[in-house]
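Student: First the structure, then my questions, so here it is.
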Amino acid sequence: MLVRDLGESQLAPAYGILFQQLYPHGGEDAADWGIGRSVIEAGGSTEAHAHEEHEIFIFTSGTARVLVDGETREVRAGQAVLVPIGSHHQITNAGAGRLEFLNVYWPAPFGPIDL
């Protein structure tokens, strides 16, 4: 069993925000899939990027503006956003407080997605 602390001291700068790799424990290159914890302070945003994994963002607090391939949607805690492989995306904190979310990513051979 692996138990990870989720305290402030576990967050580190990455992708233009604060991030904690939860699994794999050895970093993103240690497994084909993973899960991370992300925090964006008010007024902040991730770096715009695309990658070769599917990714889902599960929002746990705050309000976000999510841009995926030119389409922008506002989402809030209790919602999730699925981003297909190769999609250019960026997440911006659209609220006055902290935005927190989990992100899970996996490669195409691990299964298709259904939009």
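Every read-out reported here was derived from the displayed coordinates using simple, explicitly stated rules and does not represent laboratory data. Keep in mind the model is a prediction, meaning the values are calculated, not measured. Cβ coordinates were reconstructed from backbone atoms using ideal geometry, including for glycine residues, and neighbour counts include every protein chain displayed.
Student: Return the total of residues in the range 65-78 being in contact with a strand residue (DSSP E or B) (Cβ under 8 Å, 6 or more places away or on another chain) and either crowded, with 18+ Cβ neighbours inside 10 Å or assigned to a strand (DSSP E or B) (or both).
Tutor: 9
Student: Right, something else. Please tell me if GLY62 is out of contact with any helix residue (DSSP H, G or I) (no Cβ under 6 Å at 6 or more places or on another chain), among the small types (Gly, Ala, Ser) and surrounded by 14 or more Cβ atoms within 10 Å (Cβ to Cβ). Walk me through how you get there before you give the answer.
Tutor: On the way: out of contact with any helix residue (DSSP H, G or I) (no Cβ under 6 Å at 6 or more places or on another chain): yes; among the small types (Gly, Ala, Ser): yes; surrounded by 14 or more Cβ atoms within 10 Å (Cβ to Cβ): yes.
Yes.
Student: In addition: What's the total number of residues in the range 36-57 that are surrounded by fewer than 17 Cβ atoms within 10 Å (Cβ to Cβ) and either in contact with a Leu (Cβ under 9 Å, 6 or more places away or on another chain) or assigned to a loop (DSSP other than H, G, I, E, B) (or both)? Steps first, please.
Tutor: Of the residues in the range 36-57, the ones surrounded by fewer than 17 Cβ atoms within 10 Å (Cβ to Cβ) are 41-44, 47-52, 56.
Remaining after also requiring either in contact with a Leu (Cβ under 9 Å, 6 or more places away or on another chain) or assigned to a loop (DSSP other than H, G, I, E, B) (or both): 41-44, 47-48, 50-52, 56.
Final tally of qualifying residues: 10.
Student: While we're looking at this one, here's another question. Looking only at the range 79-115, which residues are closer than 20 Å to GLY44 by Cα and either among the small types (Gly, Ala, Ser) or not in a strand (DSSP E or B) (or both)?
Tutor: Answer for the range 79-115, where residues must be closer than 20 Å to GLY44 by Cα and either among the small types (Gly, Ala, Ser) or not in a strand (DSSP E or B) (or both): GLN79, ALA80, HIS88, ALA94, GLY95, ALA96, GLY97, ARG98.
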